[in-house]
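S.K.: Before I ask anything, here is the structure I am working with.
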Amino acid sequence: NALDFPIAIIPWEVPLVEVTHAIHERIIRQQYELTEQLYHIHKVLSQLVLEGGGLEALAKRLSELLQCSVTIEDGSLQLQAHASLEPMDEVRRRSIVERATPKEVSAHLAAAGLFEHLKKDPRPQRVAPAPSLGMTLDRIIAPILVGEDLYGYIWIIASQRALSELDSLAI
């Protein structure tokens, strides 16, 4: 109970192999569906770039595909492109108006070691809300790298739904 692990009681006459088969089938189906979604996102965004779409078009299309807000910033956290869905928190509103991540937010994230961590491990990272700063929505950030050179960051920001594994994998 402490770990919220499900316990199932099945009658003796039900073969365990049937239960494990059903569980494995569901896991494989979920992974297949996730892979299909990622392939679709990759295909759509690759086509957009090949057709000459810029950062604004990229942010807008990714936002539509994920149904989340998207921000693309340069290495100094200056806004390059964005697409927004409601709800928005105060930090989101300010970053759009000021065309950059607010200084106190970037200082908070730097003090927490986020940017150093992304240098060492460039996989997408979840950023927990910081209500005292006006950041009430979950976020995922990933560095934009070309080789080892940092070009910026892409953010996925929760909107009408919670962030998922698809969001992390998509960016």
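S.K.: Residues LEU169, LEU118: which one is within 30 Å of TYR32 (Cα to Cα), open to solvent by less than 80 Å² (accessible area, probe 1.4 Å), of a type outside the set (D, E, K, R) and not in a strand (DSSP E or B)?
M.R.: Selected residue: LEU118, the only one of LEU169, LEU118 that is within 30 Å of TYR32 (Cα to Cα), open to solvent by less than 80 Å² (accessible area, probe 1.4 Å), of a type outside the set (D, E, K, R) and not in a strand (DSSP E or B).
S.K.: Moving to a separate point now. From the list ARG93, ARG61, which residue is without any contact (Cβ under 8 Å) to a residue 12 or more places away in the chain, over 17 Å from ARG161 (Cβ atoms) and either in a helix (DSSP H, G or I) or of a type in the set (Ser, Thr, Tyr) (or both)?
M.R.: ARG93
S.K.: For region 75-112, which positions are open to solvent by 20 Å² or more (accessible area, probe 1.4 Å) and in contact with a Phe, Trp or Tyr (Cβ under 7 Å, 6 or more places away or on another chain)?
M.R.: Passing the criteria: only GLY75.
S.K.: Another question, then. Taking VAL49 and the conditions (1) in contact (Cβ under 8 Å) with a residue 24 or more places away in the chain; (2) assigned to a helix (DSSP H, G or I); (3) over 17 Å from ARG161 (Cβ atoms); (4) of a type outside the set (Lys, Arg), which numbered condition does it fall short on, given that it satisfies the others?
M.R.: Evaluating VAL49 over (1) in contact (Cβ under 8 Å) with a residue 24 or more places away in the chain; (2) assigned to a helix (DSSP H, G or I); (3) over 17 Å from ARG161 (Cβ atoms); (4) of a type outside the set (Lys, Arg) leaves (1) as the failure.
S.K.: Return only the number of the condition from (1) more than 21 Å from ALA81 (Cα to Cα); (2) surrounded by 10 or more Cβ atoms within 10 Å (Cβ to Cβ) that SER63 does not satisfy.
M.R.: Just one mismatch for SER63, condition (1).
S.K.: Only one of these is at pLDDT below 95, in a strand (DSSP E or B) and more than 18 Å from the chain's Cα centre (by Cα): LEU145, LEU150. Name it.
M.R.: None of the other options fit; the residue is LEU150.
S.K.: Just checking, how many residues over region 141-166 are small (Gly, Ala, Ser), open to solvent by 20 Å² or more (accessible area, probe 1.4 Å) and at negative phi?
M.R.: 2
S.K.: On to the next question. Select from region 131-140 the residues that are of a type outside the set (Lys, Arg) and either buried (at least 18 other Cβ atoms within 10 Å of the Cβ) or within 13 Å of the chain's Cα centre (by Cα) (or both) and list them in ascending order.
M.R.: Listed by number, the residues that qualify are MET135, LEU137, ASP138, ILE140.
The values are calculated or read from the model by the stated rules, or taken from the named source; none is laboratory data. These numbers come from a predicted model, not from an experiment. Cβ: placed from backbone, ideal geometry, glycine included. Neighbour counts: every protein chain shown. To get the accessible areas, we keep the full protein, side chains included, count just its heavy atoms, and leave off ligands, DNA and RNA. Shrake-Rupley method; radii C 1.70, N 1.55, O 1.52, S 1.80 Å.
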